[in-house]
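The values are calculated or read from the model by the stated rules, or taken from the named source; none is laboratory data. None of these values were measured; they are calculated from a predicted model. As a convention, Cβ positions derive from the backbone with ideal geometry for all residues, glycine included, and neighbour counts pool all protein chains shown. With ligands, DNA and RNA removed, areas are computed over all heavy atoms of the protein, side chains included. Shrake-Rupley method; radii C 1.70, N 1.55, O 1.52, S 1.80 Å.
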Amino acid sequence: MDVLSLMRTSARSLLRRPGYALLVVATLAVGIGGATAIFSLVQGVLLRSLPYGDADRIVRLDPTDATTGYGISLSIPNYRDWSERNEVFDRFGASAGWSFVRRTADGAEPVDARVVLGDFFGTLGLSAESGSVIAGDDTGPGATPVAVLGHGFWERAYGADPGVIGRALVLDDQPYEIIGVLPAGVGYPRPGVDVYTPMGVLADSLPWNARTSSFGTVALARLAPGVAVPDAQRDMNRVTDEVDALEGKPIVTAEVRPLSEAMLGGVQRGLWLLLGAVGLVLLVAGANVANLALARGEAREAELAVRRALGAGSGDVVRLLLAESVWLSVLGGGLGIVLAYGVAGVLPRRLPLQIPALMAGGIGLNAPVLGFALALTALTGALFALGPALRVAVPAGALRRGARATGGREARRFRNGLVVGQVALSVMLLVGAGLMLRSLLNMASVDRGFGGDDVVAARIAQPRGAFASTEEWLAFYDGINERLNASPDVARTAETLLVPLSDRSWERIVLARDGDFDPDHAPSVLFNVVSESYFGVMDIPVLRGRTFTSADAGDAPPTVVIDETMAERFWPGEEPIGKMLTLMEPIGDDDDPDQPDQVIWRTVVGVVPNVRHYELTAPSRVEAWVPMRQAAGASRASLTVLAKARGKGTAVPGLIRRAVAAARPDIPISEVRPVSAYVADQLGPGRALSATTSVFGIVAALLAALGIFGVLSLAVVRRGPEIGLRMAVGASPGEVVRMVLREGASLTGLGMAAGVLGAALGGRVLGAFLFDVRPWDATVYGAVVALLAAVATAAALGPALRASRTSPVRVLKEQ
């Protein structure tokens with residue numbers, strides 16, 4: 001028989017039993033499609049190199065405050081010491097995020113920038129698509145104001161004009177000469193950065209020589225040939241020890257991390273977890289298909305025996321079975337690839353796992369992912385064809401037994417084992433999903449210290465020198481408040497320097513006047529500048545004392561509100577109201593090196609709960625709030641306007657934009673978001689993992705139920721004579737139902753026992769993803785067992801009821 005005839009014959013054979021074919025194709029599509037979609041994420045994010053030259057040699061150096069143990073950004077003096085004293089790096093550079101304002105024909109727009117220091121571009125191995133990049137020796141104080149454009153900004157602002165090199169880009173009313181444009185899809189830390197400028201251009205307004213002050217600087221370095229990360233870590237330990245010795249006290253420690261780990265650390269574990277989960281689903285699907293194939297093979301023993309009796313050899317029969325498996329695997333794999341194509345396009349948006357924009361472009365059905373899908377298709381097709389092919393040697397008595405042919409004890413045990421395995425894997429998936437769900441619920445219900453679910457936050461992009469005085473700065477925000485509060489859609493407004501969970505912070509050294517603290521080892525605290533209505537707008541309760549009022553004006557005694565953790569740490573067992581502290585604030589412009597920090601003693605007037613500023617899963621370091629009308633030098637700071645909405649608040653973002661434009665059309669808004677969106681960002685990864693693992697678990701449970709149904713249905717057919725005889729001698733239909741249900745319960749029980757053991761052993765893997773829930777939580781395990789028991793009972797009930805309707809007379813006549 002030629003190949004075309006064989007394929008036609010096998011297709012007709014499958015079409016005679018369309019239910020079986022559709023079930024196998026659908027099962028394969030779910031398993032292969034899900035695995036391929038998740039693999040596209042893993043391949044695009046974890047198995048590709050970062051788009052930098054020799055990216056595996058680039059490291060990030062993360063400083064930690066030696067006194068408090070908190071992670072901090074790098075000060076310029078520490079940067080200089082690290083770059084000059086190390087003996088393990090070929091290149092060294094740094095950058096910090098910055099915001100400029102660019103005037104346009106329509107007013108002004110915020111510009112997302114990075115200010116760079118040292119050999120930043122050389123460290124990353126980045127070169128310009130046109131023009132040049134900023135040289136490492138032209139980034140310090142006195143640097144020439146030049147700019148390198150990100151590719152997207154070049155297209156958006158200049159229409160991809162190739163003649164842009166040499167032209168002036170005006171940022172904060174200062175011209176920068178454009179010297180280069182980066183290629184598409186590259187940049188740091190994301191391709192979407194608009195502009196790169198030398199940090200030294202801003203040196204007169206930065207704490208250039210203050211070792212304990214920083215503004216978000218991140219250092220990168222390129223390992224010298226033959227140097228490994230542990231070698232670099234030892235050398236940086238030596239460098240920081242030398243700096244501590246020079247200063248006479250501990251300053252910072254440095255953690256050397258590969259750049260890929262630093263950028264992808266938050267997403268790596270999540271993606272591997274999803275790949276493992278979908279792998280379990282694929283195993284369940286494979287077991288289900290194998291069981292279906294074995295059951296059909298037993299049902300076809302007579303047919304295959306007839307073919308052999310008519311002259312077909314074992315090879316012909318095997319080729320027929322393989323041809324059928326090719327049809328099923330190709331159809332299942334093809335449908336799975338279509339499914340994966342749709343899912344892979346949605347996953348990066350639906351799985352907020354902090355996937356860097358640098359890597360998101362590589363997610364999709366590319367050649368490696370398609371190869372993975374085809375390999376899975378071929379492997380599953382071969383495996384589920386193997387069992388029936390091995391049964392080709394039909395016993396001699398098969399012709400006589402015909403359709404009543406039954407499998408051997410070994411085949412039954414194998415099929416039962418597949419069902420037990422399916423149940424076990426389903427238990428493991430559902431336990432994981434249950435633990436993730438409970439963790440998510442715990443995170444969502446944690447006391448975060450603030451409310452603000454009905455508040456819209458608009459961050460102002462204030463250019464340098466926008467206000468000539470503090471009074472003018474205050475009048476600007478007062479005008480915005482007046483316009484917003486006049487609207488019936490706004491209940492109340494406020495201003496703040498920092499919004500909780502917005503990934504922004506500002507720190508100050510704090511000293512208590514009557515506290516037992518060494519000034520040389522003074523801790524830093526979160527420092528926030530707010531209007532008097534801030535605590536009410538953000539629903540932050542007052543535990544002691546009061547918050548700010550209009551009486552806390554610039555000429556009034558300086559005041560401060562602190563959180564309860566700070567009160568207990570500084571004055572344990574004492575009344576904090578009336579105590580005094582200083583936050584070492586600048587006299588004039590904030591962080592101006594020519595104006596040293598001033599000791600302004602502030603009186604504690606109120607205590608509020610600890611606000612989870614950095615993340616929901618851990619209490620933040622202590623925080624202090626000062627009134628904006630008393631914030632020395634704060635007129636240089638861009639604040640965030642908060643508007644508490646009435647009703648749904650859909651009109652509030654537009655109201656804020658119009659209010660700001662009316663106050664100063666040359667000052668744009670860089671971002672408008674509900675405060676609830678910052679909370680959602682924190683819950684997003686957990687919600688996505690929980691939802692995805694739940695879907696996988698439900699699919700696996702349904703496939704396991706299908707396996708139980710198939711095995712018991714086949715068992716009822718095979719045990720028809722036995723059941724008929726039992727009923728003939730007096731067994732009631734209820735007893736027959738219970739007999740079949742017991743068989744299903746035994747398979748389910750074994751599977752659940754194995755699954756519970758597997759889930760308990762694998763609990764450590766989930767530990768990193770869980771918040772306030774143990775990996776062996778009894779409630780979750782009990783709920784999963786109860787759910788699967790109900791599903792298994794429902795699956796077994798159909799065959800049991802069919803068995804109870806067996807006619808003893810008909811069965812006995814057929815014997």
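Of Thr493, Met359, Tyr781, which is farthest towards the positive pole of the chain's charge dipole, taken about the Cα centre with +1 and -1 on the beta-carbons of Lys, Arg and Asp, Glu respectively? Among Thr493, Met359, Tyr781, the one farthest towards the positive end of the dipole of the chain is Tyr781. Here r is the Cβ-Cβ distance between Glu255 and Thr603 and R0 is 45 Å; the resulting FRET efficiency, rounded to 0.05, is 0.70.
Projecting the Cα atoms of Pro198, Val604, Met752 onto the charge dipole of the chain (Cβ charges, centred on the Cα centre) puts Met752 farthest toward the positive pole. Rounded to the nearest 20 debye, the dipole size of segment 656-815 about its Cα centre is 400 debye, using +1 on the Cβ of Lys and Arg and -1 on the Cβ of Asp and Glu. Taken along the Cα-to-beta-carbon direction at a fixed 7 Å, the label points for Asp56 and Ala753 span 4.7 nm. In segment 606-747, the alpha-carbon atoms span a convex hull of 255 Å³ per residue. Note that segment 1-53 presents 43 Å² accessible area per residue, ligands and nucleic acids not counted, probe 1.4 Å. Helical runs assigned H by DSSP (4 residues or longer) give the chain a calculated mean residue ellipticity at 222 nm of -16500 deg cm²/dmol, each run adding -39500 (n - 2.57) before division by the residue total. Estimated at the nearest 10 Å², the accessible area of Glu87 is 140 Å² with a 1.4 Å probe. With θ taken as phi - 60° and the Karplus curve 6.51 cos²θ - 1.76 cosθ + 1.60 applied, the whole-hertz 3J(HN,Hα) list for segment 770-787 is 9, 10, 6, 8, 7, x, 10, 4, 5, 4, 5, 4, x, 5, 5, 4, 5, 5 Hz, x standing for glycine and proline. Computed from phi, the 3J(HN,Hα) profile of segment 613-618 under the Karplus parametrisation 6.51, -1.76, 1.60 (θ = phi - 60°) reads 7, 8, 7, 6, 7, 8 Hz, with x in place of Gly and Pro. Relative to the longest principal axis of the Cα atoms of the chain, helix 18-45 runs at roughly 30 degrees. Annotation for segment 688-764: trypsin sites (Lys or Arg not before Pro) lying in DSSP loop with at most 14 further Cβ atoms inside 10 Å of their Cβ do not exist.
Its Cα centre serving as origin, segment 1-149 has a Cβ charge dipole (Lys and Arg +1, Asp and Glu -1) of approximately 1260 debye.
Evaluated over the Cα positions of the chain, the convex hull gives a direction-averaged projected area, one quarter of its surface, of 44.2 nm².
Going by alpha carbons, how many degrees (0 to 90, nearest 10) lie between the helix axis of 259-299 and the longest principal axis of the chain? The two axes meet at around 10 degrees.
Taking the Cα centre of the chain as origin and assigning +1 to Lys and Arg Cβ atoms and -1 to Asp and Glu Cβ atoms, the resulting dipole is close to 7100 debye. A viscosity of 1.306 mPa s and a temperature of 10 °C, combined with the Kirkwood radius over Cα pairs in Stokes-Einstein, give a translational diffusion coefficient for segment 416-513 of 82 µm²/s. Length available on full extension from Ser130 to Ala228: 0.36 nm per residue minus the Cα-Cα distance, which gives 31.9 nm. Surface listing: Ser676, Ser531 arranged by accessible area from highest to lowest gives Ser676, Ser531, probe 1.4 Å.
Its residue count N sets the reference 2.2 N^0.38 Å, and the alpha-carbon radius of gyration of segment 139-263 equals 1.35 times that reference. Between the Cα long axis of helix 3-15 and the first principal axis of the chain there is an angle of about 90°, rounded to the nearest 10.
Karplus-derived 3J(HN,Hα) values for segment 706-712, using 6.51 cos²θ - 1.76 cosθ + 1.60 with θ = phi - 60°, are 5, x, 4, 4, x, 5, 5 Hz; glycine and proline are entered as x.
Taking amide H as placed 1.01 Å from N in the peptide plane, the amide H of Asp90 sits under 5 Å from that of Arg222, Leu223, Ala224, each at least 5 places away or on another chain.
Classify segment 58-173 as rounded, prolate or oblate from the Cα gyration tensor: take a ≥ b ≥ c as the square roots of its eigenvalues, call it rounded if a/c is under 1.5, otherwise prolate when a/b beats b/c and oblate if not. Prolate. The amide H of Glu507, built 1.01 Å from its N in the peptide plane, has Phe527 as neighbours under 5 Å, considering only residues 5 or more places off or on other chains. Could you tell me what percent of the accessible area of the chain is made up of carbon and sulfur, with a 1.4 Å probe and every protein chain present? Answer for the chain: carbon and sulfur cover 57 percent of the accessible area. Could you tell me how far the Cα centroid of segment 185-248 sits from the Cα centroid of segment 431-510, in Å? When both Cα centres are located, 29 Å separates them.
For Asp563, the residues whose modelled amide H falls within less than 5 Å of its own, excluding neighbours fewer than 5 places apart on the same chain, are Val608, Glu623.
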